[in-house]
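K.L.:
My questions all concern the structure below.
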Amino acid sequence: MPSKQGSPTVRRLRLGQELRLLRERRQLTGAKAANELGWSPSKISRIEAAKTMPVAEDIQAMGTLYRIDSAKLDELFGLLRDADQRGWWEDYEDTLPGEYTRFLGLEAEATFQRNWEPQVVSGLLQTEDYAREVILATRGIARITHSGVRSRVEARLDRQRRVLHRADPSRLTVVLDESALMRRFGEPSVMRAQMEHLLEVSLLPHVSVQVLALDSLHPVSTGAFIHLKFVAFDDVVYLEQLYTADFVEDLERVAGYETAYDHMRSEALDEDESRVLIQRKAMLWRR
């Protein structure tokens, strides 16, 4: 189940989606609706794409034009109130990329998350020391300050508390490439602690961790991605790159990522076999 508090990011997207559907039901183009309301066409498109937050007067004007009944209008005003709330991730928005804060807003209401990681241990499963070393590894490229590093580590730990350890956690399945367990970040003690933490988290009832062994056939050549599923919203795939991030929302492409993930998961070791391998890696990092 999604978080009972909901996510303002998802509410904003739902509000825009609802307004677009209501307009289309009246067979109005965006340009025609804008003309009737005395707005620019870009204002309609930005509201519907959740790039601009409407005010109550905007909702009222659109409701009149689209001939929305009072019950539906109350629903829209409810979404507007929820969308105007502040998400926990906004405390870190000065040091986090905009695309990533949008992802955190979506993740907050996802019911199911699938994560493929070929290079590093997934952010939700990282220890504090490992997370710091991963962030420091890109510091010279991304030009992150000391305070920025600290803020990003705090955001990562806060994310873990709010996603993995909330009262109604979403289901998380992760497939890690074996190389992610072998790539050193920090001292061997950091890696050993990370392997032990990974074993511990993998025992949570809502978490599944599988490892794609290096000696297995690699079924799909793709970088890391996270597939989010929702109850009342279309699936989204998040792709993170060095300087930017992308969201895949086209249903056909999202389905392709889902198929790719299922293929990799079927080729990976099962959960028990994966724990045995992770335990072996932990022992190697003791040297």
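The values are calculated or read from the model by the stated rules, or taken from the named source; none is laboratory data. None of these values were measured; they are calculated from a predicted model. Counting neighbours? That spans all protein chains shown, and the Cβs are built from the backbone with ideal geometry, glycine included. Protein only, heavy atoms only, side chains kept; ligands, DNA and RNA dropped before computing areas. Shrake-Rupley method; radii C 1.70, N 1.55, O 1.52, S 1.80 Å.
K.L.:
I'm told LEU21 meets every condition in (1) part of a helix (DSSP H, G or I); (2) hydrophobic (A, V, I, L, M, F, W, C); (3) in contact with a Gly (Cβ under 8 Å, 6 or more places away or on another chain) except one. Can you identify the failing condition by its number?
P.N.:
Only one criterion is unmet by LEU21, namely (3).
K.L.:
Related question: Check GLY38, GLY78 and return the single one that is open to solvent by 40 Å² or more (accessible area, probe 1.4 Å) and without any contact (Cβ under 8 Å) to a residue 12 or more places away in the chain.
P.N.:
The conditions single out GLY38.
K.L.:
Is there a residue being closer than 17 Å to GLN17 by Cα, open to solvent by 70 Å² or more (accessible area, probe 1.4 Å), without any contact (Cβ under 8 Å) to a residue 12 or more places away in the chain and charged (D, E, K, R) anywhere in region 250-265? If you could, list the steps in order and put the result at the bottom.
P.N.:
Within region 250-265, the first condition is being closer than 17 Å to GLN17 by Cα, and the residues that meet it are 250-251.
Of the ones still in play, those that are also open to solvent by 70 Å² or more (accessible area, probe 1.4 Å) are 250-251.
Remaining after also requiring without any contact (Cβ under 8 Å) to a residue 12 or more places away in the chain: 250.
Next, from what is left, pick out any that are charged (D, E, K, R): 250.
Yes, the conditions are met somewhere in region 250-265.
K.L.:
Shifting gears a bit: With respect to THR95, determine if the residue is hydroxyl-bearing (Ser, Thr, Tyr), touching a Gly at 6+ places or on another chain (Cβ under 9 Å), more than 29 Å from ARG23 (Cα to Cα) and open to solvent by 20 Å² or more (accessible area, probe 1.4 Å).
P.N.:
So THR95 fits the description; yes.
K.L.:
Among residues belonging to region 138-168 that are hydrophobic (A, V, I, L, M, F, W, C) and open to solvent by 20 Å² or more (accessible area, probe 1.4 Å), point out the one that is nearest to GLU240 (Cα to Cα).
P.N.:
Looking at the filtered set, the residue picked out is ALA142.
K.L.:
Do we find that SER45 is of a type in the set (S, T, N, Q), more than 22 Å from the chain's Cα centre (by Cα) and either buried (at least 16 other Cβ atoms within 10 Å of the Cβ) or under 30 Å from LEU164 (Cα atoms) (or both) in this structure?
P.N.:
The answer is yes for SER45.
K.L.:
Restricting to region 219-249, give me the number of residues that are over 19 Å from PRO169 (Cβ atoms), open to solvent by 30 Å² or more (accessible area, probe 1.4 Å), in contact (Cβ under 8 Å) with a residue 24 or more places away in the chain and not aliphatic (A, V, I, L, M).
P.N.:
8
K.L.:
Consider LEU28 against the criteria (1) within 30 Å of VAL220 (Cα to Cα); (2) outside any helix (DSSP H, G or I): it satisfies all of them except one. Which criterion is unmet?
P.N.:
(1)
K.L.:
Are there any pairs, at least 6 apart or on different chains, whose C-beta atoms fall under 9 Å, with the first in region 186-201 and within 9 Å of GLN279 (Cα to Cα) and the second in a loop (DSSP other than H, G, I, E, B), and if so, which?
P.N.:
MET195/VAL121; MET195/TRP285; GLU196/THR127
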